[in-house]
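A.B. asks: Below is the structure I would like to discuss, written out as structure tokens.
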Amino acid sequence: MDFNKEVFKEKFKNRLDEKYALDVKDATPQELYLTLSSIVRSSYSRYWRKTWKKYMEDGKKQIYYFSIEFLPGRLLMSNLLNMGWLETVRDALKDLDIDLDEIAEVEKDMALGNGGLGRLASAFMDSLASDGLPGNGNGIRYRYGLFKQKFIDGYQIELPNEWLDSGNPWEIRRESKSVTVRLGGKVYLVDRGNYLEPVYEDAQLIKAVPYDTAIVGYKNGTVNTMRLWDAEIPSSEEAKYRTIEQRREVEDLVSVLYPDDSKESGRILRLKQEYFFVSAGIQSIVRHFKKYNKSMNKIGEYIGIHINDTHPAMSVAELMRILVDEEHMSWDDAWKQTVAVMSYTNHTIMAEALEKWPVHIMQQVQPRILQIIQEIDRRFVEEKQGKYARDMIERTRIIKDNQVRMANLSIIGSHSTNGVAKLHTELLKDDVLHDFYVMYPERFNNKTNGITDRRWLQIANPELSKVLDKAIGTEWRQDPTKLQKLLKHQNDNKVLNQIANAKLKNKERLAKFIEKETGIKVSTDAIFDVQIKRLHAYKRQLLKLMHIVKLYLDIKQGKVASDFQPRVFIFGAKAAPSYYYAKAIIKCINEVANMVNNDPEIGDKLKVVFLEDYRVSLAEKIIPAANISEQISLASKEASGTSNMKLMLNGALTVATLDGANIEIKDYVGEDNIFIFGLTKDEVYDYYNNGNYHSYDYYNNHEEIRRVLNAFVDGTIPNCQAEGQEIFDSLTKYNDEYFVLRDFESYVNIQEMVDRTYSNKRHWNQMSLVNIAYGGMFSSDDTIKRYAEDIWNISPLKDEKHGTYSL
Ligand code: T68
């Protein structure tokens, strides 16, 4: 049935009646939410069924994006938008006295990721479907998502995130697609003449059950699948699980998402998780491939598996296992197909985040996989001998010092390795992965990250979206690069004022939210200065905090500059539970906030707001209201960043180091429309090479730095003696690993420039307009097209385009 408001209203009332035997006026927001989502789901399901059938019929190559994290956030609004229903449904519900935004708030974020890496995976899911490309997700259905953050007495407390408690209307359990994953035990190889058969002893069998979530493409009728695996006890094995502890071991496999975005915890469970979703995913892919009735020697033409960071790196060995052990292919043929199937993205150069697993742990988790990795390693060394220097082979081989190096496995076992921004890819080629670049130059490429304008502009910022429609038409909603049409309006006062007005409305909305959540009243006249990202030393939230303390001391000592502008500093950040230094920074930010916000002398000049539990749905509230986007990592450390892109798209101006994708942002908007400060990557590397950074000298020689740092230890900032001391020591005694003191002066100067610029509102609005206009250049739809063309070799279905999805 065609979609229109009246038909929808009838359908809605009927569905509510069928599901709950209720009238609209008697239903709770939860019931209304579940009714609406059930209509949405029953309407896209036929497109879902058609899409995968079509891929099969057309013999399309399909891509599977393997990621240990996905961070979709809420799905209701994005499904409505992508189906082309959003405005009509909003109107229809209004007729029924229901506020769509209110019922959307009921949905719990699907938070199966830590940060940028997981969010990128979800943006890619949305873009694959919206580009009409045959691409699916493969991951883990964690029972508990990323922990819920609370502040108690300024400290971060982690609470369980029971996101599945009130049910998940978007997923379908597919019992019939279950597979069995083998963990642990021992393995022997028995010679069967033309092949070696592995015989397993005492292995633990786990039933992997997929839960599928539809990924609805933007107004195109393509509905792809994100498949997340749950772990259960197979019925044939019930007898082996006699105690609660034994049963819990299976539950634990998919129980928690490791709340760590940098360091590996070294727990065996993590490696088991990695193997579990890799093995389940590959088994189900191979089973599916068999329906194509093609030789296994052609699997590389029909299937691509993308290794999102190294967590799914065992994919290389698992596919080899299936091709060699189960399909009896020769090693060489299997290897050729495996390399053709696999591709890999690196997301960090931070040494501590490069995964390594002790051989004995890998042996314990899956002995056959270890054997295969050892064989890959042996053949690699053999092949490279004579061609490359011995030490170069030692640096690049997979197993070294009894450790399995997962990045090496990923690069050797795939046909493509990419970084996530220009600078990052250059660093991989020139430095971190240089040896591999010399061996396989053709495998290396850059794919600068992207974001989905649908969530971050169309859904999160309807105010600005309306202004854009009026100024440049609606084409940008299909193709965000069309936002460049705005550039024609740089001197158009009407458009400039409308953009400023939209920003003001968003600030008012956020101010209300802040007051409700924290009790803090903020003035919308102030600059809303935003830093939202994981709490990590390299991201330098501390630099921001030192700037705040400086401004506070200035005001208290009557030293305010004439063009000083009031500011509201807004933070959102979670720290890994075991990352004590990051937690000390959180505590100090909260104590500075207390000190500043309750000082009558400060009043509206400065406010500091640290919002709890940063997550996708909170980002959607903050980003549209931001004036300043803080992207201040130490140059070379942030692989790309993506909040930088979301914030510019919403008209915030960026204060940035020349790091990650900030460089590309600068290249688009030009130096006059961004605030650049701080050391460059080359300067940072010079310090490393010469070992001549002495942070204590900065403390000693710069009165300003001394004044600010002393406030952390002399009682000026109350209630954080220990944490203040820890920070003080790290910056002075332990030589300030991320050059906070070195960049402080340059940072303060650029912030003064921000104030001067803000005092000329028209000029500010012009800069903001330029940022919005180029924000569309970072669309994940485009990023994904480049993956599709350069890495995966997949193409969209040529079939019909649907304007909207019917009821
Ligand atoms: C981020 N990495 C990068 N890692 O830091 C960021 N790590 O610059 C980039 O924009 C983003 O990836 C997307 O490319 C992460 O988010 C993790 O979350 C992570 C998780 C587990 C283990 C290690």
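The values are calculated or read from the model by the stated rules, or taken from the named source; none is laboratory data. As the structure is a computational prediction, the values presented were derived from the model and not from experiment. Here Cβ is always computed from backbone atoms with ideal geometry, including for glycine, and neighbour counts include all displayed protein chains. Heavy atoms of the whole protein, side chains included, go into the accessibility calculation; ligands, DNA and RNA do not. Shrake-Rupley method; radii C 1.70, N 1.55, O 1.52, S 1.80 Å.
A.B. asks: Please pick out the residue among ASN771, ASN765 that is more than 29 Å from the chain's Cα centre (by Cα) and of a type in the set (S, T, N, Q).
C.D. replies: ASN765
A.B. asks: Examine the stretch 526-535 for a residue that is open to solvent by 50 Å² or more (accessible area, probe 1.4 Å) and over 25 Å from the mean Cα position of the chain (by Cα), and state whether such a residue exists.
C.D. replies: no
A.B. asks: I'd like to verify a number: residues in the stretch 172-221 that are out of contact with any strand residue (DSSP E or B) (no Cβ under 9 Å at 6 or more places or on another chain), among the charged types (D, E, K, R) and within 22 Å of GLN366 (Cβ to Cβ), how many?
C.D. replies: 1
A.B. asks: Against the definition (surrounded by 24 or more Cβ atoms within 10 Å (Cβ to Cβ), within 16 Å of the ligand (Cβ to nearest atom) and among the polar types (S, T, N, Q)), how does SER130 come out, yes or no?
C.D. replies: no
A.B. asks: Quick one: GLY678 ticks every box in (1) surrounded by 24 or more Cβ atoms within 10 Å (Cβ to Cβ); (2) within 22 Å of the chain's Cα centre (by Cα); (3) assigned to a loop (DSSP other than H, G, I, E, B) except a single one, so which number is it?
C.D. replies: That leaves (2) as the condition not met.
A.B. asks: Moving on. Among the residues of the stretch 625-644, which ones are at positive phi and open to solvent by 10 Å² or more (accessible area, probe 1.4 Å)?
C.D. replies: GLY641 - this is the single residue of the stretch 625-644 that is at positive phi and open to solvent by 10 Å² or more (accessible area, probe 1.4 Å).
A.B. asks: Something else about it: Can you tell me which residues in the stretch 608-624 are in a loop (DSSP other than H, G, I, E, B) and either of a type outside the set (A, V, I, L, M) or open to solvent by 10 Å² or more (accessible area, probe 1.4 Å) (or both)?
C.D. replies: The answer is GLU612, ASP613, TYR614, ARG615.
A.B. asks: Could we say that ALA231 is away from the ligand (no atom under 16 Å from the Cβ), of a type outside the set (Ser, Thr, Tyr) and part of a helix (DSSP H, G or I) here?
C.D. replies: no
A.B. asks: Related question: Only one residue in ASN138, ASN114 is in contact with a Lys or Arg (Cβ under 8 Å, 6 or more places away or on another chain), open to solvent by less than 20 Å² (accessible area, probe 1.4 Å) and not in a loop (DSSP other than H, G, I, E, B). Which one?
C.D. replies: Every option except ASN138 fails the conditions.
A.B. asks: In this structure, does GLY135 turn out to be within 20 Å of the chain's Cα centre (by Cα) and within 16 Å of the ligand (Cβ to nearest atom)?
C.D. replies: No.
A.B. asks: Can you confirm whether the stretch 556-564 contains a residue that is outside the structural domain of MET350 (by TED's automatic domain parsing) and open to solvent by less than 30 Å² (accessible area, probe 1.4 Å)?
C.D. replies: No, the stretch 556-564 contains no residue that is outside the structural domain of MET350 (by TED's automatic domain parsing) and open to solvent by less than 30 Å² (accessible area, probe 1.4 Å).
A.B. asks: Right, ASP435: in the same structural domain as ALA121 (by TED's automatic domain parsing), away from the ligand (no atom under 16 Å from the Cβ) and touching a residue at least 40 places away in the same chain (Cβ under 8 Å) or not?
C.D. replies: So ASP435 passes the test.
A.B. asks: Right, another one. Assess whether GLN156 counts as being modelled with pLDDT of 95 or more, in a strand (DSSP E or B) and closer than 30 Å to GLY450 by Cα.
C.D. replies: no
A.B. asks: Check ILE233, ILE206 and return the single one that is farther than 30 Å from TRP331 by Cα and not hydroxyl-bearing (Ser, Thr, Tyr).
C.D. replies: Going through ILE233, ILE206 in turn, just one is farther than 30 Å from TRP331 by Cα and not hydroxyl-bearing (Ser, Thr, Tyr): ILE233.
A.B. asks: Does the stretch 461-484 include one or more residues that are closer than 23 Å to ILE791 by Cβ and either open to solvent by 20 Å² or more (accessible area, probe 1.4 Å) or assigned by TED's automatic domain parsing to the domain that holds THR345 (or both)?
C.D. replies: yes
A.B. asks: Which of the following residues is under 16 Å from TRP170 (Cβ atoms) and within 16 Å of the ligand (Cβ to nearest atom): LEU112, LEU117?
C.D. replies: LEU112
A.B. asks: Among (1) within 26 Å of the chain's Cα centre (by Cα); (2) buried (at least 16 other Cβ atoms within 10 Å of the Cβ), which single condition is TYR55 missing?
C.D. replies: (1)
A.B. asks: Looking only at the stretch 61-80, filter to residues that are away from the ligand (no atom under 16 Å from the Cβ) and closer than 30 Å to GLN337 by Cβ; which one of those is surrounded by the fewest Cβ atoms within 10 Å (Cβ to Cβ)?
C.D. replies: Filtering first and then ranking leaves LYS61.
A.B. asks: Hand me the list of helices (runs of 4 or more DSSP H) wholly inside the stretch 738-807 holding 3 or more residues that are within 30 Å of GLU301 (Cβ to Cβ) and modelled with pLDDT of 95 or more.
C.D. replies: Counting at least 3 such residues, we get 780-786.
A.B. asks: Can you tell me how many residues in the stretch 32-52 are within 20 Å of LYS798 (Cβ to Cβ) and either touching a residue at least 12 places away in the same chain (Cβ under 8 Å) or open to solvent by less than 30 Å² (accessible area, probe 1.4 Å) (or both)?
C.D. replies: The total comes to 5.
A.B. asks: Exactly one condition in (1) more than 17 Å from HIS306 (Cβ to Cβ); (2) assigned to a loop (DSSP other than H, G, I, E, B) is not met by HIS424; state its number.
C.D. replies: HIS424 satisfies every listed condition except (2).
A.B. asks: If I ask for residues that are among the hydrophobic types (A, V, I, L, M, F, W, C), more than 16 Å from the ligand (Cβ to nearest atom) and closer than 9 Å to PRO624 by Cβ, which ones from the stretch 446-463 would you list?
C.D. replies: LEU457, ALA460
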